[in-house]
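K.L.:
This structure is in structure tokens; I'll ask about it shortly.
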Amino acid sequence: MTAVDARPGRVEVHGVHKSFGAHEVLHGVDLVVEPGSVTVVLGPSGSGKSTLLRSINHLETVDRGYVALDGELVGYRRRGDVLHELKERELLRQRTRFGFVFQSFNLFPHLTALENVVEAPVSAQGRNRREVEAEARELLARVGLADKAGAHPRQLSGGQQQRVAIARALAMKPAVLLFDEPTSALDPELVGEVLSVITDLARTGTTMIVVTHEIGFARQAADRIVFMDEGRIVEQGTPAQVLDDPQHERTKAFLAKVL
Ligand SMILES: Nc1ncnc2c1ncn2[C@@H]1O[C@H](COP(=O)(O)OP(=O)(O)OP(=O)(O)O)[C@@H](O)[C@H]1O
């Protein structure tokens with residue numbers, strides 16, 4: 001295995017294969033995400049985008065290849081030439097370096113917005129509750145929800161719930177934020193408010209990998225666009241390169257449908 005770079009928030013995906021049963025979904029994916037950069041993953045339904053994202057923080061165990069974060073293998077420890085899967089506690093510690101924002105916001109219904117944001121840093125990272133609460137209020141303000149700290153999820157719109165979920169992910173001070181179709185469960189009129197929060201974050205130099213079908217967002221926020229098709233990255237580059245001058249037939253066909 002080659003040595004890996006060790007800058008903060010650098011993700012390296014190397015030769016990753018992943019199958020579900022006999023169905024290989026990722027066929028040897030290589031990807032490097034530089035710290036502070038925003039990578040948007042586009043591609044048709046079923047091309048393996050979510051599986052790639054979930055493989056990056058070891059929600060899926062890959063069959064071959066590896067993922068590294070800041071030079072540290074994700075999900076494994078190396079002893080000599082042998083890889084050992086991390087024990088649950090080590091894996092949880094490592095996973096807190098990734099913030100994950102899902103389609104469905106997955107907030108605890110019995111906790112307020114503030115309590116949802118505070119929960120993980122206190123329980124998983126053992127941080128001081130009062131200190132985390134002060135930070136959580138700032139984060140809620142940052143996503144435009146300063147006045148909703150005491151609200152329960154059922155009192156919030158889908159867009160507001162997703163913004164709480166983003167604040168919750170940020171509260172862990174992750175090295176990398178992963179977004180899996182963060183707006184696809186929202187009513188159309190609520191999509192813009194969530195995308196604008198993510199676009200603002202992108203401008204602050206947060207390392208992000210965003211799986212989305214929102215091409216306008218990709219153009220505005222991405223440093224790099226990665227286009228996946230049938231379990232492979234077939235093309236990647238700047239938004240201008242991939243969206244305005246695609247080279248691969250599959251990218252051209254996909255963009256012709258969605259643009
Ligand atoms: N847990 C699983 N068990 C079995 N098959 C799975 C599982 N997760 C994903 N797949 C299959 O892997 C393939 C890729 O799925 P994936 O969700 O990664 O694609 P995607 O590009 O994110 O699609 P979409 O845009 O529709 O979300 C699909 O054929 C899907 O059915």
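The values are calculated or read from the model by the stated rules, or taken from the named source; none is laboratory data. If you're wondering where the values come from, they're calculated on a predicted model, not measured in any experiment. Don't worry about glycine lacking a Cβ; one is built from the backbone with ideal geometry, like all the others, and counts go over all protein chains shown. Heads up: the accessible areas ignore ligands, DNA and RNA and are worked out on the full protein's heavy atoms, side chains in. Shrake-Rupley method; radii C 1.70, N 1.55, O 1.52, S 1.80 Å.
K.L.:
Roughly how compact is segment 107-173, stated as its Cα Rg over 2.2 N^0.38 Å to two decimals? Don't skip to the end; give the middle numbers.
P.N.:
Numbers: Rg = 10.5 Å, N = 67, 2.2 N^0.38 = 10.9 Å.
Its radius of gyration relative to the 2.2 N^0.38 Å reference: 0.97.
K.L.:
Still on this structure, please answer the following. Once the principal axes of the Cα atoms of the chain are found, what is the range along each, listed largest first in whole angstroms?
P.N.:
49, 49, 34
K.L.:
Okay, next question. Within the accessible area of the chain, what % is carbon and sulfur when the probe is 1.4 Å and the other protein chains stay in place?
P.N.:
48
K.L.:
Under 5 Å between amide H atoms, partner at least 5 residues away or on a different chain: which partners does Tyr76 have, H built in plane at 1.01 Å?
P.N.:
Result for Tyr76 returns Leu86.
K.L.:
Also, I was wondering about something else. In nm, give the distance between the simple-model label positions of Arg64 and Asn106, each being 7 Å from the Cα along the Cα-to-Cβ direction.
P.N.:
It works out to 2.9 nm between the two label points.
K.L.:
Moving to a separate point now. What are the lysines whose alpha-carbon lies under 23 Å from the alpha-carbon of Lys18, with same-chain residues fewer than 8 places away excluded?
P.N.:
Once the sequence-local lysines are set aside, what remains near Lys18 is Lys49, Lys87.
K.L.:
Taking H as built 1.01 Å from N, whose amide H comes closer than 5 Å to the amide H of Asp63, not counting residues under 5 places away?
P.N.:
Under 5 Å from the amide H of Asp63 lie the amide H atoms of His17, Lys18, Ser19, each far enough along the sequence or on another chain.
K.L.:
Further, regarding this structure: With a cut-off of at most 15 other beta carbons within 10 Å, and DSSP calling the residue loop, which GluC sites (Glu not before Pro) in segment 206-259 qualify? Please list them.
P.N.:
Glu230
K.L.:
How are the alpha carbon pair distances in segment 1-87 distributed across 10 Å bins from zero to the largest one, expressed in percent?
P.N.:
Histogramming segment 1-87 at 10 Å steps yields 16, 50, 29, 5, 0 percent.
K.L.:
How would you order 42-54, 103-115, 70-82 from highest to lowest mean count of nearby Cβ atoms within 10 Å?
P.N.:
Most protected by this proxy first, the peptides run 42-54, 103-115, 70-82.
K.L.:
Find the accessible area per residue for the chain; the probe is 1.4 Å, ligands and nucleic acids are left out, and the unit is Å².
P.N.:
For the chain, the per-residue accessible area is 47 Å².
K.L.:
Can I ask one more? Relative contact order for the chain using alpha-carbon pairs under 8 Å, separation at least 6, rounded to a whole percent?
P.N.:
Normalised by residue count, the contact order of the chain is 25 percent.
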